[in-house]
Structures are given as structure tokens and as C-alpha cells.
Amino acid sequence: MRKITIKTPSEIQAMRQAGIAVAVTLRTMRDAIVAGETTTLDLDDIAQETLKTFGAKPALLGYKPSFSAVPYLHATCISVNNEVIHGVPKKRILTTGDLVSLDMTASVDGWCADSTITTAVGPISDKARRLMLVTREAMYRGIEQARIGRTTGDIGYAIQRHVEKHGMNVVREMVGHGIGRTPHESGLDVPNYGKPRKGIPLHIGMTFCIEPMVMLGGSKIEHADEWTIVTSDGSWAAHWEHTVAVTKDGPVILTSPPREDPVENANFATSDEASLIS
């Protein structure tokens with residue numbers, strides 16, 4: 001196993017700058033969606049232009065992970081309805097009732113941050129809205145476990161328990177990951193399932209992504225193309241993700257919107273996000 005990279009406070013602060021760029025860009029994309037008009041490729045263009053205002057670079061553009069034969073050609077992954085993750089931006093028009101996951105990684109001065117939000121296009125079904133909210137809640141329950149002395153198993157267990165309590169399923173094949181100088185640092189996988197006190201012990205300076213991917217239907221997934229992962233039964237999926245740092249004061253979200261600085265106050269969630277933890 002590759003040695004896990006521990007970050008200094010100044011390095012975590014550098015990652016926070018990338019996290020702010022990601023957070024603002026994702027919300028700019030979300031707010032730009034017009035049902036019946038906006039394509040997922042339009043949103044990718046918006047992401048690239050927004051990142052420039054922060055001096056940030058899209059870390060996925062040209063990225064070639066070990067599982068791929070070719071580099072990725074976009075700044076974002078945009079997954080719609082039954083697409084779980086890694087949806088490729090294209091000339092697909094978003095329509096009322098769609099559920100859309102916006103996923104991106106950015107780098108500033110060589111430091112990366114990664115986040116995903118799921119949003120509704122206009123009114124959506126009650127089942128889809130519940131899926132979106134349960135997935136988001138599960139992410140924060142996982143984040144709450146990102147503390148000294150706990151483990152990746154504690155994170156995964158908290159996510160899995162919340163999701164399954166609501167009659168949904170986590171994706172087991174895709175996991176959270178270490179992050180820092182590269183979008184994916186090996187040695188620190190963070191599954192969305194697990195057992196308490198099992199897995200990798202957490203220490204100050206660890207930085208990783210917590211990202212539950214949740215399905216309304218069964219637990220099977222498959223490839224729709226070289227990149228896009230979809231549910232095997234066609235049921236809908238949602239995806240939420242934050243980049244998190246383990247600090248002496250608890251978990252710190254590095255990709256929260258810049259309404260307050262979590263690196264300074266060590267809150268694990270911004271004010272409206274904290275209300276989801278109960």
C-alpha cells in the first residue's frame with residue numbers, strides 16, 4: 001500500500017482555495033440550468049469560464065486515471081437520472097423533472113479539491129427528491145465521523161446505515177479517495193459501507209473525499225460507455241461529495257461555499273448544512 005500523504009495546515013489552507021473555486025463553480029452551473037434549453041455541455045463550458053476567475057484549473061481535463069485507456073476531455077462529470085457517476089458532458093438538453101449530479105475537481109497552485117452536488121431541474125417526483133436529500137444527509141453523517149481516532153469503516157458505516165434505513169442502496173464498487181497534489185491519492189480509499197472501528201485509522205492532516213453514491217433500486221451498476229456508470233435496473237441515482245480534512249478540532253469541509261471559512265473555525269458544516277445532522 002502506498003504511504004498516505006499527511007498535509008500541513010498551510011497545505012490544507014491551499015486546498016481550501018481550490019475548494020472555494022469548486023464550490024462557487026458548482027453553484028454557478030446549478031443556477032444556470034434552464035429546463036428545455038441548457039445542455040450538459042453548456043454547463044461544462046460555464047464551469048471552465050468560472051474557474052478562470054479564481055485562477056483555478058479543471059483538474060479532470062486531460063486527466064488519465066489508471067482504469068482508462070484515454071484522457072478525459074472535459075472539466076466536469078455530469079450525471080443525469082440513472083447515471084451514477086462520470087457522466088460525460090454532451091449536447092443533452094436537461095428537462096423538467098431531471099435529477100442532475102454536477103461533479104468537478106479543480107486545482108489552484110497545484111493543490112486539488114473535489115466536490116459534487118445533486119440538483120433538481122424544476123419540480124421532481126417525491127421519490128427523486130427523497131433520494132437527493134437522503135444522499136446529502138448520508139454524506140454529512142459520514143463527514144461527522146472524520147475525526148482523530150476513528151476509521152474509514154466508521155465513515156462508511158454511518159453512510160450505509162442512513163441510506164439503508166431509508167430503503168435505498170449505496171454503490172459499493174465506487175469509493176471516496178485521498179486527494180491533494182493529484183485528484184486521486186492512492187492508499188486512502190473511503191468506501192460508502194463498512195463496520196465501526198475497521199478500515200484505515202484517521203489522523204490529523206489526512207485529506208480525502210467523502211462521496212456517497214446512492215441508488216433508489218438495486219445495487220448493481222454497469223458501464224454505459226467508456227466513462228459513464230449507470231444503474232443496471234434503470235433506477236435513479238444521486239451523488240454528493242465534499243473534500244474533507246481531519247484536524248485536531250474535528251472534520252473540516254474544504255469545498256463548502258465561502259460564506260464562512262471552515263479552515264479558520266473548524267466547523268464541519270456551514271450553518272444550513274449542519275441542520276442536516278441529527
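General observations
- Complete set of residues in the stretch 69-124 that are among the small types (Gly, Ala, Ser) and in contact with a helix residue (DSSP H, G or I) (Cβ under 6 Å, 6 or more places away or on another chain): Ala75, Ala106, Ser107, Ala113, Ser115
- Residue count for the stretch 168-223, restricted to those that are modelled with pLDDT of 95 or more, within 17 Å of Thr152 (Cβ to Cβ) and polar (S, T, N, Q): 2
- Residue satisfying all of: in the stretch 1-31; free of Cβ contacts under 8 Å to residues at least 24 places away in the same chain and closer than 14 Å to Ser101 by Cα; surrounded by the fewest Cβ atoms within 10 Å (Cβ to Cβ) among these: Asp31
- Unmet requirement for Phe268, which otherwise passes all of (1) surrounded by fewer than 19 Cβ atoms within 10 Å (Cβ to Cβ); (2) assigned to a loop (DSSP other than H, G, I, E, B); (3) modelled with pLDDT under 95: (1)
- Elements of type strands (runs of 3 or more DSSP E) contained in the stretch 159-228, each with 1 or more residues being closer than 14 Å to Ile143 by Cα: 176-178, 185-190, 207-210
- Taking each residue of the stretch 43-58 that is surrounded by 23 or more Cβ atoms within 10 Å (Cβ to Cβ) and looking for partners that are in a loop (DSSP other than H, G, I, E, B) with beta-carbon atoms closer than 6 Å, six or more apart or interchain, yields Asp44/His74; Asp44/Ala75; Asp44/Pro89; Ala47/Ala75; Pro58/Ala75.
- Residue among Thr255, Thr243 that is crowded, with 24+ Cβ neighbours inside 10 Å, of a type outside the set (Gly, Ala, Ser), within 13 Å of the chain's Cα centre (by Cα) and assigned to a loop (DSSP other than H, G, I, E, B): Thr255
The values are calculated or read from the model by the stated rules, or taken from the named source; none is laboratory data. These numbers were taken from a predicted model, which means no experiment stands behind them. Every residue, glycine among them, receives a Cβ derived from its backbone with ideal geometry; neighbour counts consider all protein chains shown.
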